[in-house]
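First up is the structure itself, then whatever we jot down about it.
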Amino acid sequence: MQKLQAHGLEFYLASNDTLRPFLNEAPYGHKLTWLDFTDTSEDKGWDTGEFLNLFNVINGIAFGDRGIPMPQWVMVDLILMPSAAVIAALPQAQFTETLETSAFDDDAKRHLREVFDRVKQSDYQGPIPIGGYCAAPSAAPGTWVGWSLWSVMTNVGLGRALKALALSVYQAQKLDGVTQYDNTALRVHTRFGRLRIMVATVPFHTAPGSFVYENDFTVPVAESDPEPTFLLDPFDYERQRAMQKAIEARKCTYYVLAPGHLVSHGTSFVPILELPYPSGGN
């Protein structure tokens, strides 16, 4: 966090005042700047609504062609009303430099430049969101469902910091989520412990190669992971369907191990640990 703040980053907690007593506003001792999405005042010198609109627009760019941009009503109904988002932002003067050093592809950078050009032509003087994490509360007590992790500031650990801060804000005991085997976010997700694959293939999901995972933070983390049983090609949908059949038949349990992706001969593979299904049924 100290390194990230040295880059000029500020971290915000966006929600609404009715939930404020239930959220940890100082995760790991780092006080987050509170933002109530219903607040229409500009006492801080910039408009909260425009800041959150930029968060939404840049979030869509960060997810690229996965076909899962976030409609604005989803942001209100699924984040700001029942939950909260942790958002990292930079002053406008520092945004351009960060964008040019980002590992994002040229097409994404072009879209981000267009967004920033519109900002500079407007009256908005506030910071520019460059990353965020969102999760929704589950019906299962202590369990949250993570559904949006993104960052346009690459190779500095921002994604990991955002997720860690948010999980502490929520005081989550377990985290379920859906991601894709080819998603580089696996490098972040596996930093929080091995991912148990609950559902190995979700063809109903918009993005191909999706699966459901769970982190259980009530289980002590092993000092080191075992060697993977096999390396999964993210696009081997037949193997993924076979894994799902083994899960449904209660024959095997699968985990994604750190670092999430291993590169072999120029191709990324997902390290998978296969274990017999536990006799206790858990």
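The values are calculated or read from the model by the stated rules, or taken from the named source; none is laboratory data. Nothing here was measured: the structure is a model prediction, and the numbers come from that model. Using ideal geometry, Cβ is built from the backbone for each residue, glycine included, and neighbour counts are taken over all protein chains shown. Side chains included, ligands, DNA and RNA excluded: accessible areas come from the protein's heavy atoms. Shrake-Rupley method; radii C 1.70, N 1.55, O 1.52, S 1.80 Å.
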Percent of beta bridges antiparallel (DSSP, the chain, rounded to nearest 5): 85
With the full set of protein chains in place, find how many percent of the accessible area of the chain is carbon and sulfur; take the probe as 1.4 Å. 52
According to a simple spin-label model (label point 7 Å from Cα along Cα-to-Cβ), what is the distance in nm between S264 and D106? 3.3
Note, ³J(HN,Hα) from phi for segment 105-120, Karplus 6.51, -1.76, 1.60, rounded to Hz, x at Gly and Pro: 6, 4, 5, 5, 4, 4, 5, 5, 4, 4, 4, 5, 4, 5, 4, 5
Sorted by accessible area with a 1.4 angstrom probe, largest first, how do Y237, Y12, Y255 fall? Y237, Y255, Y12
Quote the charge dipole size of the chain about the Cα centre in Debye, to the nearest 20; the model charges only the Cβ of Lys and Arg (+1) and of Asp and Glu (-1). 720
Which entries of K31/K163; K3/K163; K44/K163; K3/K31 have Cα-Cα distances beyond 22 Å here? K44/K163
Taking N as the number of residues in segment 196-276, what value does Rg over Cα atoms divided by 2.2 N^0.38 Å take? 1.10
From Cα pairs below 8 angstrom and at least 6 apart in sequence, can you work out the relative contact order of segment 228-282, rounded to a whole percent? 45
Leaving out ligands and nucleic acids, and using a 1.4 Å probe, what accessible area per residue does segment 1-172 come to in Å²? 47
Over segment 1-172, what is the relative contact order in whole percent, taking alpha-carbon pairs under 8 Å and six or more residues apart? 28
Enumerate the lysines that K109 could reach by cross-link, defined here as Cα to Cα under 18 Å, with residues fewer than 8 away along the same chain left out. K120
Centroid-to-centroid separation of segment 110-140 and segment 176-242 [C-alpha atoms, Å]: 28
Give the Rg (one decimal place) followed by the Dmax (whole number) of the chain, computed from C-alpha coordinates and expressed in Å. 19.4, 63
